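Structure record follows, encoded as C-alpha cells.
The values are calculated or read from the model by the stated rules, or taken from the named source; none is laboratory data. All values reported here derive from a predicted model rather than from experimental measurement. Virtual Cβ from ideal backbone geometry, glycine too; neighbours counted across all protein chains shown. Each accessible area value is taken on the protein alone, full model and side chains, heavy atoms only, with ligands, DNA and RNA left out. Shrake-Rupley method; radii C 1.70, N 1.55, O 1.52, S 1.80 Å.
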Amino acid sequence: MNPNKIIISCDTTIALSKEQILERGYNVIPLNAIVDGVEYHDTVDINANKLSDLMRKGAKVSTSTPTIIEIEEYFDKLFKETNANFIIHFTISSKLSSMFSLFTRVCEEKYGDKVIVVDSYSICNYIDQEVALAVKLANEGHDVDYIVNQIKETLIGTGEIVFIPDSLTYLKRGGRISPAVATIANLIGVIPILNFKDGEVGKKGVTRTAKKAFLNALREWESSIDNFKDNYSLVIMSSDDAVEEKVNKVAEILKEYAPGMAYCTSRISLNVTAHTGPGTIGLGYMKKI
C-alpha cells in the first residue's frame, strides 16, 4: 500500500450534479438545505432544479452546516473505503460560511494531521478547478504540503463572478438588502449587481439589464488584468435549467465581445441559490491552468 496515499475531498458547493460527481470520481459531502422546515441533502434528495422550483412556489429556504456526526461518519467511511493516509478537504469560502472553522475543529480533534482542511475562498466551478488540480497533483505522487501550496499559489483568489439575481425577494429575506432598498429598486426598475471576489460577496452596483452589467464587467476585466483574454477563461453560471435562455443570451454576448475566448457553463451551487434566488445568472473569469 502507498504509505502516502492522498485523497481529495470537498462539499457540494462544487455545484456538480450527482452524475457528474460519480463520473469524475470525486469525494463530496452533501450540504443541507432546509425547505419549509424539512431538511434535505444536496445531490441526495434535492438538487438545483428542485430547490428553484420550490422557491418559485414560495417556499422558505435556509441552509445549515453538516452535523459533527455527519462529518465524522463521512471521513470515517472515506478512510475505510479508500485506505487513504491523508485527506485534503476543500470547503466553501470562510467569508461566506462557518464550514471551514467547523471542519477544521472537528478534524483536528479526531484525525489530527490526517485530514487537512483548506479554505478554498471560492464557490461553485472555482472549487471544482481547485479540486481537479489537487487530484492531478495527488495522482502524480506529490505530498500534502506541495499540493496545498500549489493550490494556494496558483488558484486561490484569482477569479471573480458578477451575479444578476432575477428577483430582490430572496436578497431581502436573507438581509443582503433592506426592505426599503428593495422597494425603491422595484419602483425605479433596477436590480443590484452582486460580485464574488476575494472569497466574499459584495454589491457592485445596479443595472437595468443583465447585458449591460456583463458587458461592463468584461470591459473592466480586460482593462485591469494583463493579457486577460490569453490567461483567463470565462464561466457562465445559472441557478437552474429554467434560465437556459438567459445562458444562451450571455453566450451570444461573449461571442460578440470576446470571440475565440474559452468559456464553459456551470450551475450556481444550491447554498448560493438559497440566498440569491432562482433565476440568478452569473458571469465570471477564472485563471487558466
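Here are the numbers for the structure shown:
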quantity: Among Leu16, Leu254, Leu270: highest mean-square fluctuation, GNM of the chain, C-alpha pairs under 10 Å; calculated: Leu254
quantity: Solvent-accessible heavy-atom area per residue, rounded to whole Å², over the chain at 1.4 Å; calculated: 48
quantity: 23 Å Cα-Cα threshold exceeded, pairs from Lys136/Lys246; Lys18/Lys197; Lys212/Lys255; calculated: Lys136/Lys246; Lys18/Lys197
quantity: Top of Ile123, Ile268, Ile71 by mean-square fluctuation, Gaussian network on the chain, Cα under 10 Å; calculated: Ile71
quantity: Equivalent ellipsoid semi-axes - Cα gyration tensor, the stretch 30-164, angstrom; calculated: 28, 20, 13
quantity: The stretch 193-288, accessible surface, carbon-and-sulfur percent (1.4 angstrom probe); calculated: 45
quantity: In nm, spacing of pseudo-spin labels at Lys60 and Glu256 (7 Å Cα→C-beta vector); calculated: 4.3
quantity: Label-point separation in nm, Asp230 to Ile68, each point 7 Å along Cα→Cβ; calculated: 5.3
quantity: Cα-based reach from Lys114 at 18 Å (exclusive), listing lysines while leaving out same-chain residues under 8 positions away; calculated: Lys5, Lys77, Lys80
quantity: MRE, 222 nm, helices only [DSSP H, n ≥ 4, -39500 (n - 2.57), over the chain, to nearest 500]; calculated: -13000 deg cm²/dmol
quantity: Computed label-point distance, nm, for sites Lys110 and Val206 using a 7 Å Cα→Cβ extension; calculated: 4.8
quantity: Choice from Asp198, Asp45, Asp11 with maximal GNM fluctuation in the chain (Cα, 10 Å cutoff); calculated: Asp45
quantity: Accessible-area composition of the stretch 1-138, carbon plus sulfur, in percent [1.4 Å probe]; calculated: 51
quantity: Cα gyration tensor, the stretch 248-289 - rounded (a/c under 1.5), prolate or oblate; calculated: oblate
quantity: The stretch 209-289: trypsin sites (Lys or Arg not before Pro) falling in loop per DSSP and having at most 15 other Cβ within 10 Å; calculated: Lys288
quantity: Within straight-line cross-link reach of Lys60, lysines at Cα separation under 17 Å, skipping those fewer than 8 residues along the same chain; calculated: Lys50, Lys172
quantity: Unit charges on C-beta of K, R, D, E only; dipole of the stretch 214-261, Debye; calculated: 120
